[in-house]
Every structure is written in C-alpha cells, then in structure tokens.
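The block underneath contains the structure these notes are about, expressed in structure tokens.
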Amino acid sequence: MLCGIVKLSDHARFNTVCIHAGQTPDPATGAIITPIYQTSTYVQEALGVHKGYEYARTQNPTRSALEANLAAIENGKAGFCFASGMAATGAVMTLLSSGDHIVVTDNTYGGTYRLFERVLRKYQLDFTYVDTSSLGELERAIRPNTKLVFLETPTNPVLGVTDLEGACTIAHGHAIPVVVDNTFASPYVQRPIDFGADMVIHSTTKFLNGHSDSVGGAVIATRDDHIEWLRFVQNAEGAILGPMDAWLVLRGTKTLPIRMERHNANAMVLAEYLESHPKVTAVHYPGLPSHPQHRLAARQMRGFGGLIAFKAGSFERARTVLNSVRLMALAESLGGVETLISHPATMTHASVPAERRQQLGITDDLVRISVGIEDVEDLKEDLAQALDRA
Ligand SMILES: *Cc1c(COP(=O)(O)O)cnc(C)c1O
C-alpha cells in the first residue's frame, strides 16, 4: 500500500485519533499530510504486480486515508466515502431487497425522506416513519419483513432525541441491524456504535468537514457482511468521493474536537438567550432542561451539538428575523465554522408535504440556526437586533 494506515494504540484518545488515524507520512517524500492523489489509474510493475491500487474508482490513497480516519473516529471497522451524504444513504439501502420493510425516525432529514418515498418505493421497499424517541412506537412498528432500523438523533430540525442503546437492544432482539445518521451530532458529541449501532452514516459536508467547502458522505460499518457488500457496491455503483474532497475532510477532522467544543458552548449560550427572549415562543435544544429528552441527551451526548431551532411566533416574525440578521448567513446546510440561519418549512423541508410538516412540528414560524464558532457575544447581538425588528 502506498499510504500505510497508522495502527494507533487501542488506548489512543479521541483528539489523537482525529489527528492521526489513517495517516502516515507520504512514503515517496515524507510529506506529513497525505497528498491529494489526483490520478485515475496506477502503473503496474508487471502483469498482475501492483501496489494494491489499480483504478481510482476502486481505490484512491487519499480516500483510503479518510476512510480509515473516519472508521477510527466512529469506532467502526471500516469506512466508505461517497460523493454526498445522500449517496452514502443510497449505498446503505442497497443492502435491502424488494419486499423489505424499514422503520425510520419520523422527522428524518428531508432528502432522506425524498429518497425513500420518491425513489426507493419504486423498488418495492416499504417504510414506516415513527417517533423513535418512544421505544414502544419503534417496537410496535417492527414487522416480520423489517430488515433495517434507520435512526436519526437529534432530528432535523426539531431536535428530538432517540435512546440509541434502547433502540439497538429492541432491533437486535428481532435480529434487525441499526443504522444511525450521525450527521447532526458528529462523532465528538455521540458515537452510535458505542451504543450498539451496526452502521453510521455521515454527510461529511457538515461538521466532519466543517468549513462549508466540500460535499461528501460516508458509511462506517462494523459487520463483515455489511463491509463486504459496501465495498462491492461503492465500486459497482461508483458514487465515490473525489481525492480533493477526501483531503479537505481529512483536514477538517483534525480540528473536529475543538470545533465541536465551541459549537456546543455557543449553541448553549444562544439557546438560553432565545428561551429568555419575550418574542420567542419555544426553543428546541437538547441542552435546555425544558427539552423533553434532556436527561437522555445528557447521558448519551457529549455536549448538545451546534443546532438550535426556535419559534418566532408567526411566519411574518420569522421572515423578519431571517431577513434582518447581518452576521448570520441565510443559507441551507449546517456544521460549518460560520453561523447559518434557515427556514426549514420553505428551505430544507420544502419537499416534505405541508400536512406532514405540521405533524412533525416544522411550523411556518420555525427558524433553525447552525451555530458557528464565532464570538458568541457577536452572535447574540445579531439575534437581538433581528428580533428587535420582528
Ligand atoms: C445534509 C444531510 C444529509 C445529506 O447529505 P448531503 O451531503 O447533502 O447529500 C443527510 N442527513 C443529514 C442529517 C444531513 O444534515
């Protein structure tokens, strides 16, 4: 192999794993950073004699380094990187066959809902959406043909929390594997595999890359049968992450822990500020004691993440806030160092039917903030002046 994979001691701690796992100095030059191997193919020394790399859809050293890095960060056995978070989710769903049934967290990411309902139903996959923060509802949704439990916690955008250990125990009691979309929390905040999950999905576009300059996805797996299939399908379907993006995400994961500490701290301050604001009618943040699953979140998460949602009282007020912020950027996406503010009902969740949005609490007055790592006093002042106008 061109880029040997560092076998860190089993005792290496989280920050060390983030910085070092999957990477060794470049064997050709000693470059400390894994190069961007921008190549489509690899020259073979003789017929059938090569260094483990034949064609760049199948293997790329920059991507391999990131895959090993993410596998270690999530405490899995192997990682697979894809062109986007949705491509990663699509790859996981190829583990299923027509006629299979999947239980899904009800307010899952809008793009996931669209993939399941508009694309995968055409292939006779059946989905039931339940509030998985209730383990009873999860268990009642399981059928004889249920072949996967697909969880997201905390959820986007209302930040419902699912008991990962409890959900995995129930699913495994029925011999059903569990996959968790861990994009919202990031592996600093929670590691689903530690609670029993079989696979983790990420949109690396968000906290893992962290700098709003790359789109990508990853699956981290633990079971040999899943690993074998994911490696096969990554190559067979070919929705791979390119080397430049792999390099950017590798740079991002080195600072994941210190970024997450600041995301957590800033979000907590803003959530408390918003909860005390007379014009705000509700705040969703797992770190607030008023959150219905606050105690579970405190057990399961390290800090409470960088996402907040709040109700401005009316659509008009929400619009005024969104149009009045100066420092926060009005944009979809999340997890970057800069604070983004958005309107889920018309932006990220526009593809979810209006009636379903209401059921999920994605009301027209709901505003979501992806809290960045700026000085929190500046963020507070920005919200204050925007709320003053509302
Ligand atoms: C963004 C996101 C996705 C999709 O990822 P892309 O990289 O945009 O394809 C999936 N799940 C969650 C929770 C997300 O936030």
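Computed from the coordinates by the stated procedures, all read-outs in this text should not be read as laboratory data. Fair warning: this is a prediction, and the values are worked out from it, not measured in the lab. Heads up, the Cβs are rebuilt from the backbone with ideal geometry, glycines too, and the neighbour counts pull from every protein chain shown.
Give, in nm to one decimal, the length gained when the segment between Ser134 and Ala12 is fully stretched (0.36 nm per residue of separation minus the Cα-Cα distance).
Stretched fully, the Ser134-Ala12 segment lengthens by 40.4 nm.
Expressed to the nearest 5 percent, the antiparallel share of DSSP beta bridges inside the chain is 55 percent.
Using the Cβ-Cβ distance between Gln385 and Ala354 with R0 set to 25 Å, the FRET efficiency works out to roughly 0.20. Qualifying trypsin sites (Lys or Arg not before Pro) in segment 321-387, where qualification requires a DSSP coil assignment and no more than 10 other C-beta atoms within 10 Å, comprise Arg326.
Close amide H pairs (under 5 Å, H built 1.01 Å from N) link Phe127 with Ile102, residues at least 5 positions away or on another chain. Assign one of three labels to segment 256-389, namely rounded, prolate or oblate, based on the Cα gyration tensor with a ≥ b ≥ c the square roots of its eigenvalues; rounded applies when a/c is under 1.5, prolate when it is not and a/b is larger than b/c, and oblate otherwise. Verdict is rounded for segment 256-389.
Run through segment 26-74 and list the trypsin sites (Lys or Arg not before Pro) located in a DSSP loop whose Cβ has at most 16 other Cβ atoms within 10 Å. Walk me through the intermediate numbers first.
Working: sites: Lys51, Arg57, Arg63; in loops: Lys51, Arg57.
Passing sites in segment 26-74 are Lys51, Arg57.
Under 5 Å from the amide H of Asp365 lies no amide H of any residue 5 or more positions distant or on a separate chain, with H modelled from the backbone and absent for Pro and chain starts. Residues within the reach of a label modelled at Asp225 (point 7 angstrom out along Cα to beta-carbon, backbone nitrogen below 13 Å), restricted to segment 104-141: there are none. Angle check, please: helix 224-237 long axis (alpha carbons) against the longest principal axis of the chain (alpha carbons), in degrees 0 to 90, nearest 10. Approximately 90 degrees, to the nearest ten. In the chain, helical runs assigned H by DSSP with n ≥ 4 each contribute -39500 (n - 2.57); averaged across all residues and rounded to the nearest 500, the mean residue ellipticity at 222 nm is -10500 deg cm²/dmol.
Full extension of the chain between Met244 and Lys279 gives 8.1 nm of extra length, using 0.36 nm per residue less the Cα-Cα distance. Charge tally around Phe195: other residues with Cβ under 15 Å, Lys/Arg +1 each, Asp/Glu -1 each, net -4. Reducing segment 174-200 and segment 55-111 to their Cα centroids gives an inter-centroid distance of 12 Å.
Within the listed set Ala83, Ala236, Ala345, the Gaussian network model of the chain (springs between alpha-carbon atoms below 10 Å) gives the highest mean-square fluctuation for Ala236. Springs between alpha-carbon atoms under 10 Å, Gaussian network over the chain: tell me which of Thr62, Thr155, Thr346 tops the mean-square fluctuations. Of Thr62, Thr155, Thr346, the Gaussian network model singles out Thr346 as fluctuating most. With a Förster radius of 25 Å applied to the C-beta separation of Glu165 and Glu117, the computed FRET efficiency comes to 0.30. Applying both filters, DSSP loop and at most 15 other Cβ atoms within 10 Å, to the GluC sites (Glu not before Pro) of segment 1-105 gives Glu45, Glu54. Below 12 angstrom from the Cβ of Ile19, what's the summed charge of the other residues (Lys, Arg +1; Asp, Glu -1)? Spelling it out: positives minus negatives among the neighbours equals +3.
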